[in-house]
Amino acid sequence: THVRMATSFFTLETEAARAASSLHIGRTASCAMDSPLLSSSAPAGGRIGKRCSGGCRWCAISTGLSCLVIMGLILKVYWVFFLYARKYQWGYFVECTLNAGHIGPSCPPTSWNVPPGGCEALSGDSQPFLMLTADGLSSPEAQSMFTRLLSRAAANRAGSLGNETSASGNISSHLSEMGTHGVVHICDANYDAHVQSPGGFFDCMTYCRHRTEELMALGATHVACVLLDLAARADVTKRSVASASLLSFSSSASEFNYTDTDIASLLERASGVFVEGGGTLFLLKSLRRPLELAVQGAGHSPSFGDLLRSRVRSGTVAFIGVSAGSIVAGETASVALIWSDRGADAIGWNFTALQLVPRCVFLPHFQPQNEAWVQQYAYNLRNGFSVDRWCPDCGVMALPQCQPWGFEQASGASLSRLDYLCPS
């Protein structure tokens, strides 16, 4: 795949060279025809040879300049990938950039959704700043939308600060430097996936470093990496501190080492939440756990999911989901049963998700061969035959590779815009 991408870029340069050379084709042809080897007028060959040499030199210079321009345009669009993409991220970038027309269904894949057209017709609610993906920020279009959503959520948050009060107490000064475009990175799903398949997933410390580089290159002022599950947090914090001296990422020892009160305060100061992929049901359990806050009123203690839902619906934080992170944004997470029911017992087979988009279920990594399963799943869900609760108005939205989906409130308008972000 890397060879294919390099070949594609080389092809662009070659085309540019051909175009530049065409400007001098007459001169070059004249050189060939008037060459002493081809012309009977040999005495004039020296003068013609000099003229030919000068023309070819100018042709080479202009071709080189054209190549530099082409390479500059490529770097301008893809520089974040070149600098920060790692392993699977690089693979997704190559896949989505070079093979967009050959991956899964066409974009947008509305014909594969249930009902046709998906959830747009079902949900008339005012929608938040939200982007759901199967594979992360795998295209320049997705990266641009992340930057745009984060900026608009930050503007809304700034406008609401005068009415905002903290329910979580004070936070240490070194943890409060989120800036205007801070992002909270949730790693619980990835933690579970790494435990189950260490060779198939990065550990959370590695994900934290990579995502921090990527998101800050796209406009985030700070990225706070957190784990909501207490046992996972203790495990990763212990290993993070132990290996800090071996890592080039200087703040790695402090990442994940947050209390519930810290995490609630970080969310208050954030303009974005990036929810990593992995184990969907483990993530759902983590989002539901009541937080142990240092300062809280009498009664029920909110979960991180409760606080996040309120912020997303108010339009003061952007939600970006990857795979499992996209599934939990919908009405229910029972669609994850397409892969496995591992973790279902831990949540009591209650798959109710964050409901950031009411009456909509999201299936990442969709392929056309999943169509029969999706049709049956949607029928069962809408007719009360599912292991999940009855949802007669629910629709299923496909999220194929390289085709993020999201809501973005239009500036100065009450209506929102729903779009797939098709790679160009």
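Summary of computed values
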{"read-out": "Matching residues in region 363-376 - criterion: being open to solvent by 20 Å² or more (accessible area, probe 1.4 Å) and in a helix (DSSP H, G or I)", "value": "PRO368, GLN369, ASN370, GLU371, ALA372, TRP373, GLN375, GLN376"}
{"read-out": "Residue tally, condition of a type in the set (D, E, K, R), surrounded by fewer than 13 Cβ atoms within 10 Å (Cβ to Cβ) and part of a loop (DSSP other than H, G, I, E, B), over region 343-362", "value": "0"}
{"read-out": "Close pairs from region 364-389: first touching a residue at least 12 places away in the same chain (Cβ under 8 Å) and on the phi < 0 side of the Ramachandran plot, partner of a type in the set (Ser, Thr, Tyr) and open to solvent by less than 70 Å² (accessible area, probe 1.4 Å), Cβ under 7 Å, at least 6 apart", "value": "PRO364/SER323; PRO364/SER326; SER386/SER334; VAL387/SER334; ASP388/THR332; ASP388/SER334"}
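The values are calculated or read from the model by the stated rules, or taken from the named source; none is laboratory data. Remember, it's a predicted structure, so these values are computed and weren't measured experimentally. With ideal geometry, Cβ positions are generated from the backbone for all residues, glycine too; neighbour counts draw on all protein chains shown. For the accessible areas, the whole protein counts, side chains as well, though only heavy atoms, and no ligand, DNA or RNA atoms are used. Shrake-Rupley method; radii C 1.70, N 1.55, O 1.52, S 1.80 Å.
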